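Everything on this sheet refers to the single structure shown next.
Just so you know, all these numbers are worked out from the coordinates, no wet-lab data involved. If you're wondering where the values come from, they're calculated on a predicted model, not measured in any experiment. A quick note on method: Cβ atoms are made from the backbone with ideal geometry, for glycine too, and the neighbour counts reach across all protein chains shown.
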Amino acid sequence: MTALVGPAAAGSNLLVTFERPVVALARVVGLALLSGGVAAFAGLLYRSYARQRIPEGLAVLVGLGAVGALLNTETALYQFLDSGTAVPSTGRALVNVAAFALGAVTAVAGGHVGTAVANAFAVSGAAELEGDLSRLVQAVGRFVAVELPASVEDIDGYDPVAPETKAVLAETTLRFPRGLTVAELRDRLVTRLRDDYGVGHVDVDLSADGTVSYLAVGGRAAGIGPTLPPGTVAAAVRADPAFSASPGDRVQVWRRPSPSTDSAAAEDTFDAAEGDSDAESAAASPGPQRVATAELRAAVGDVATLALDAADAAALDPDAAYRLVTLPTEERADREFSAQLRAADETVGAVVVTDDSPLAGAPVGGLAATVVAVRGADGVETLPARDRSIAAGDTLYLVGRPDLLRKVEAAAAGVSDAGEAAVADGESDVRETATDGERPADASGRTRRLG
């Protein structure tokens, strides 16, 4: 029998291929299913690791790569075992082209199927999913997902956050980069809540696996009120501040003389005030009278906002016009500390140690918050030594974040499992600072914000 060569052989192979359409169709469908299956598996892994849907181009590349690898392996084995020609027949080439075309379509579909499977079932086998993946998959992926609890509380001592904001925060999932420590993740979470949701203060309990067991929020410190030290008020007066005066300058508030007052005497009095004029002599003179010493907070036109003692504010006349004399800068450490503390994350609180508290007998230096004073049976002891033992009935005045104060409060009230949480691992990150506030704590021992 004479073998066919050249175009005749090619036509014969093509004819054989189309004479067996079932075999050709099965080959095309099989290769397309292989492409879709590999793309589905790749989509599952991609979604599990990257927490994103696999791009269609990547799914097609992976799926057709598997088809190409199979065809190349088949050709190599055919050449090695049967010593066949390296050029495939026309019929086989047409079948392969059809398989690649259909395989591209099934690869796209397979990528979507893999993503859907990853959304429905966690790769780790966990029964409960967080968002699209289980907690284990999130930890090894590019992102860590943190789900906020369904109940968001208010922080004692701070203005409450709007109920609408708390409703938005409840059960919200926030994503953060992987590789963060628990402390870094907590800082990222607090910053995110402040920047994105307008929350001023955050009290959160974050476990090692990223689970939030407790969340409380407080209003953002706004306006001039939170920056005023105790015993100080803000008042707006009609005044003529110096041209170079700016917020923060200490000024003397002088009542302008009446139009009948001799202007030369008034100018002499103002010149004397720029030194260290005595209030009584100024009051006895026929010129302007010094009313108070204040801090300039703002000035718009002829209206100036002053921060001054409450007793001096009562002497201001709302219908009078004043002149402000700028004084040299004088540091007021107590007012500076009080103003900075009101704007900081830390706050001051007082707790009463009960008889059954696990803190009884513990040193004050071992608490998670800084103890600035202790009221005991012998009176008030400011800045106690770190080895000073805490006794039942002592009132502790603390400086720390709201979450630390809450833990110390629970331990002082006798909650046994709160003892370890109230004890610091090492040195407190809040500097020990003196304060003269000695306000009594509530009878229940709850933390009160002072100042």
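Among Y46, Y322, Y78, sorting on how many other beta-carbon atoms sit within 10 Å of each Cβ, with the fewest leading, yields Y78, Y46, Y322.
Ordering of 93-105, 349-361 by packing is 349-361, 93-105, highest average first (other Cβ atoms within 10 Å, averaged per residue).
Normalised Debye scattering of segment 142-218 at q = 0.24 Å⁻¹ gives log10 I(q)/I(0) of -1.17, counting only Cα atoms as equal scatterers and leaving out solvent. Between S213 and Y78, the contour length at 0.36 nm per residue exceeds the alpha carbon distance by 42.3 nm.
When each of the peptides 238-245, 174-181 is scored by how many other beta carbons lie within 10 Å of its residues on average, the order from highest to lowest is 238-245, 174-181. Annotation: the residues H112, H201, sorted from fewest to most other C-beta atoms within 10 Å of their own C-beta, follow the order H112, H201. Each Lys and Arg adds +1 at its Cβ and each Asp and Glu adds -1 at its Cβ; summed about the Cα centre, segment 142-218 shows a dipole of about 480 debye. Distance from the Cα centroid of segment 163-210 to that of segment 359-399 is 32 Å (rounded to whole angstrom).
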